[in-house]
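Step one of this worksheet: look at the structure below.
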Amino acid sequence: MASSTSSSAAVPGNVLIIGATGVIGQYITSAIISSGVAAKVTIFTSPSTAAAAPGTPKHKLLSEWKSTGKVHVVTGDVNNADDIRAAYRGQNTVVSALGRDSLLSQIELLRIAEEDQDSSVQWFLPSEYGTDIEYDAVKSPHEKPHQNKLKVRAFVRDHIKRLKVTYVVTGPYLDMFLALSPVPEAQANGGYDVAGKRAVVVGDGEGKVGFTSMPDVGKFVVAALRHPEAAYGKALKVQSLVTTPNAILQEFEKQTSSKWQVEHTPLDKLRQLEEQSWQAGKPYATGFTLRRIWGEGGTLYEKTDNESLGVKDEDLESLSTIVGRAVRGEGW
Ligand SMILES: NC(=O)c1ccc[n+]([C@@H]2O[C@H](COP(=O)([O-])OP(=O)(O)OC[C@H]3O[C@@H](n4cnc5c(N)ncnc54)[C@H](OP(=O)(O)O)[C@@H]3O)[C@@H](O)[C@H]2O)c1
């Protein structure tokens, strides 16, 4: 990959990651660093994260990345245009992994990259890494958890002409899907309790869902960066595997050599709980909506983009590997 910092440099070139220390940002960042896909990796982080106390997870992450000698860390406020302009200098590609609360900040991030006279940024990957927010022409525009991402896509459609933009759509993270919520009222959402050998599954448990594991999200972002021609201007739909809640249960039972207790949440019941939790302003309402979309088949595609990105099944994690982590207590 080219290492030039000029605006005509080949992408990905120098890569700036925003939201690197977040839940999924850390997988994406580690994968980018270890792959060598970027000529240079720069992390833009908040002063509070940069000042995280020794021994804290964010301090450990930043120290580990800096110790590779391949990473520069710059600090700033994601909502301060001067900080962003300074961070963009010499960068060719921006990968955002900003969290749900700051998704709309990306509109200014995109505008600055697009309009700044001196901008060397050519390619922008906004924070997505989740359910396809345009999975259904009728339903998608109304899904509450997707409104901010839809606004970012609308801004890109209406205002971005020069920059190339790619969304990496991974579906649910299987690692997170496996965990049963610690909030009792939210457990009807589904999940697997290893200690209690108890599962809650949506519907009859036979509905297929497409998942990506958290480490595989990093692999797919690297694959997108390696294949600009396949990634430019696309919402790439990628996944590690397609499986069912019952197949996951069987894998848990196999790996724990025991029969589990199973409860079912019918889809209609899930829809009812979804509505009630939004009305009551519950923080877990988003989870109900997402599980309903997944239960209705919103993660199933005729064809994924895995192949066009050069990703083969054997490059990806298997169900047994991901369940194994959960059984060992090393999962999400
Ligand atoms: N598919 C799934 O199952 C799934 C699950 C969870 C999330 N996601 C998606 O993954 C993406 C990232 O989510 P996440 O949960 O990983 O994010 P997160 O951990 O909540 O936040 C990521 C980073 O964003 C920065 N940040 C957060 N709030 C900020 C603010 N107000 N101002 C400035 N910076 C802020 C922080 O970076 P610094 O600490 O470095 O400053 C933070 O570490 C989202 O698009 C989300 O929808 C998908």
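The values are calculated or read from the model by the stated rules, or taken from the named source; none is laboratory data. Computed from a predicted structure; not experimentally measured. Virtual Cβ from ideal backbone geometry, glycine too; neighbours counted across all protein chains shown. The area values use the complete protein model at the heavy-atom level, side chains included, leaving out ligands, DNA and RNA. Shrake-Rupley method; radii C 1.70, N 1.55, O 1.52, S 1.80 Å.
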Of T166, T286, T212, which is the most mobile in a GNM of the chain whose springs link Cα atoms less than 10 angstrom apart? T286
First select every other residue whose beta carbon is under 11 angstrom from the beta carbon of L241; then total the charges, Lys and Arg +1, Asp and Glu -1. -2
Among S140, T212, V15, whose Cα projects farthest towards the positive end of the dipole of the chain, with charges put on the beta-carbon of Lys, Arg (+1) and Asp, Glu (-1)? V15
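Taking the Cα centre of the chain as origin, work out the dipole magnitude from +1 charges on Lys and Arg Cβ and -1 charges on Asp and Glu Cβ, in debye rounded to 20.
440 debye
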State to the nearest 20 debye the size of the charge dipole of segment 87-219 about its Cα centre, where the only charges are +1 on K and R beta carbons and -1 on D and E beta carbons. 180 debye
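Test of understanding: what is the full-extension gain from R198 to D313, defined as 0.36 nm times their sequence separation minus their Cα-Cα distance?
38.4 nm
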Could you report segment 217-332's accessible area per residue, 1.4 Å probe, as an integer in Å²? 51 Å²
Normalised by the residues of the chain, what does the relative contact order come to in percent, with Cα pairs under 8 Å and at least six apart? 17 percent
Hey, what's the Cα Rg ratio for segment 221-276 versus the globular rule of thumb, 2.2 N^0.38 Å? 1.85
What are the residues whose amide H is under 5 Å from the amide H of I43, where those residues sit 5 or more places off or on another chain and H is modelled from the backbone? I17, H72, V73, V74
Per residue, how much accessible area does segment 88-193 show when a 1.4 Å probe rolls over the protein heavy atoms, in square angstrom? 40 Å²
When the helix-only estimate is applied to the chain (DSSP H runs of n ≥ 4, each -39,500 (n - 2.57), divided by the residue count), what is the mean residue ellipticity at 222 nm, nearest 500 deg cm²/dmol? -11000 deg cm²/dmol
Taking only C-alpha positions in segment 148-264, Rg and Dmax in angstrom work out to 18.2, 57
Set of aspartates and glutamates with alpha-carbon distance to K144 below 12 Å, sequence-local pairs under 8 removed: E274, E275
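Of all the accessible heavy-atom surface of segment 167-311, with the other protein chains kept in place and a 1.4 Å probe, what percent is carbon and sulfur?
52 percent
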Testing the spin-label approximation: label points 7 Å from Cα along Cα→Cβ at E330 and W278. State their distance in nm. 3.9 nm
State the Cα centre-to-centre distance between segment 134-200 and segment 20-66 in whole Å. 23 Å
Grab the other residues whose beta carbon is less than 15 angstrom from that of P266, score K and R as +1, D and E as -1, and report the net. -3
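Can you give the convex hull volume per residue for the Cα atoms of segment 260-330, as a whole number of Å³? Working shown, then result.
Details: hull volume 12.0 nm³, N = 71.
Dividing the Cα hull volume of segment 260-330 by its residue count gives 168 Å³.
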Out of residues 5 or more away from S96 or on other chains, whose amide H comes under 5 Å of its own, with H placed 1.01 Å from N in the peptide plane? I18, L125, S127
Give me the net charge of R162's neighbourhood, meaning all other residues with Cβ under 12 Å from the Cβ of R162; Lys, Arg count +1, Asp, Glu -1. 0
Reachable lysines from K40, criterion Cα separation under 30 angstrom, eight or more residues apart if same chain: K58, K60, K66, K70, K149, K161, K164, K219, K234, K237, K312
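With the radius of gyration and the Kirkwood radius both derived from the Cα set of segment 13-89, what is their ratio Rg to Rh?
0.94
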Give me Rg/Rg_expected for the chain, where Rg uses Cα atoms only and Rg_expected = 2.2 N^0.38 Å with N residues. 1.01
